[in-house]
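Read through the structure below, which is laid out as structure tokens, and then see the notes.
The values are calculated or read from the model by the stated rules, or taken from the named source; none is laboratory data. Every value quoted in this text rests on a predicted model; they were computed, and no experiment measured them. Glycine also receives a Cβ, built like all others from the backbone with ideal geometry; neighbour counts cover every protein chain displayed. These accessible areas exclude ligands, DNA and RNA; they are computed on the full protein's heavy atoms, side chains included. Shrake-Rupley method; radii C 1.70, N 1.55, O 1.52, S 1.80 Å.
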Amino acid sequence: MNSDSSTVELGLAAGASAPAHKAGRLRGSVLIKTGGLSVSKRQLLTAVSSIAVLIVFLAAWQWLPGWFGTPEFVLPKFTTTVSEAVHMWNTGNFMEHFWITAMEVIVGFALGSLMGVFVGVVLGLSPMAESVLSPYILALQIAPKVAFAPLFVMWLGYTVYPKILVAILIVFFPIMINVLSAIRTVDPDMVNLVRTLNASRWQIFRLVEFPSSLPALFSGLRIGATLAVVGVTVGELVGGNLGLGFLLVDAEGQGNTAGVFVSIVGLTIIGIVAYAAVVWAERRCLHYIPRATVTTI
């Protein structure tokens, strides 16, 4: 690293160390007790309340259809759905379809996120590029993604690629918009500060612009993690012979409502895991931000 780079980084570290130290002490004093409850007690209360809501929901699912005389083929009981899940696990290669859908979600989410970050940074740093490309990106976003799925199937066949492409299209836009907005709203005083330290254009981006865009980026990633499941499901519904979307269509064709619910629960689990992974990464990368300003949903 050259002397200019060292000067820039040491200068920024010196300016940020004191506030960070104060923030750490503030977090230690505020988060230990809030509203008369310790953090551990609040977390325990939250967990118990969430479990209670789940129990009430499952109880309503089990008994309310019978009380209202709803037929099993319209809304099966919870125990019926569990029995169907066990049957699909043992005889229907459920886990094979589950992992195929999970792989498609991971790949589609990763590629869509990378494209969104790249295009968002490019457009944020170049107003001319934004003016030229924005109408076409907007048109691509406005076009219904469901309409692209049959086209991708015609081009690429009944493979995993159409599902991944639909996921990429859905994930791309929210991440690109969040990164673009964050790059455009970077504090100009911070940029001028590193310029006075003879920072290069790359150092300005690495030390100021990109770190400033991380909170907005992770907000977009949260949205993209759930939309990736939607995109893959759409692709599997339109033209798939593998995956949970295919199982859903197959169960619907047989009038197996419990099988449809099992497929939906499987897709939900994949979405929850993807969202939780983004939240975990956000907390690891943005640990320096006071917890009071970090959302958990």
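With a cut-off of 12 Å between beta carbons, the residues surrounding A258 carry a summed charge of -2, where Lys and Arg count +1 and Asp and Glu -1. If R0 equals 30 Å, the separation of the Cβ atoms of K41 and V265 corresponds to a calculated FRET efficiency of about 0.40.
Once both labels are modelled 7 Å past Cα along the beta-carbon direction, what's the D189-V132 spacing in nm? A separation of 3.6 nm, rounded to one decimal place.
Straight-line cross-link partners of K145 among the aspartates and glutamates, defined as a Cα under 17 Å from its Cα and at least 8 positions apart when in the same chain: E104, E236.
Protection proxy ranking for 216-222, 254-260, 195-201, using the average of other Cβ atoms within 10 Å per residue and placing the highest first: 216-222, 254-260, 195-201.
In this simple spin-label model, placing a label point 7 Å from the Cα along the Cα-to-Cβ direction at both I51 and I289 gives a separation of 3.1 nm.
With every protein chain left in place, what is the accessible area per residue of region 218-297 in square angstrom, probe 1.4 Å? Don't skip to the answer; put the middle values down first.
Working: 3850 Å² over 80 residues.
Per residue, region 218-297 has an accessible area of 48 Å².
Here the peptides 97-105, 172-180, 49-57 are ranked by packing, the mean other Cβ count within 10 Å, and the order with the highest first is 172-180, 97-105, 49-57. Put +1 on the Cβ of every Lys and Arg and -1 on every Asp and Glu Cβ in region 150-297; which of G266, S213, L197 then has its Cα farthest towards the positive end of the dipole? Among G266, S213, L197, the one farthest towards the positive end of the dipole of region 150-297 is L197.
Positive end of the dipole of region 131-210, charges at C-beta (+1 Lys, Arg; -1 Asp, Glu), about the Cα centre: which of V186, F173, A149 has its Cα farthest in that direction? Positive-end residue among those listed: A149.
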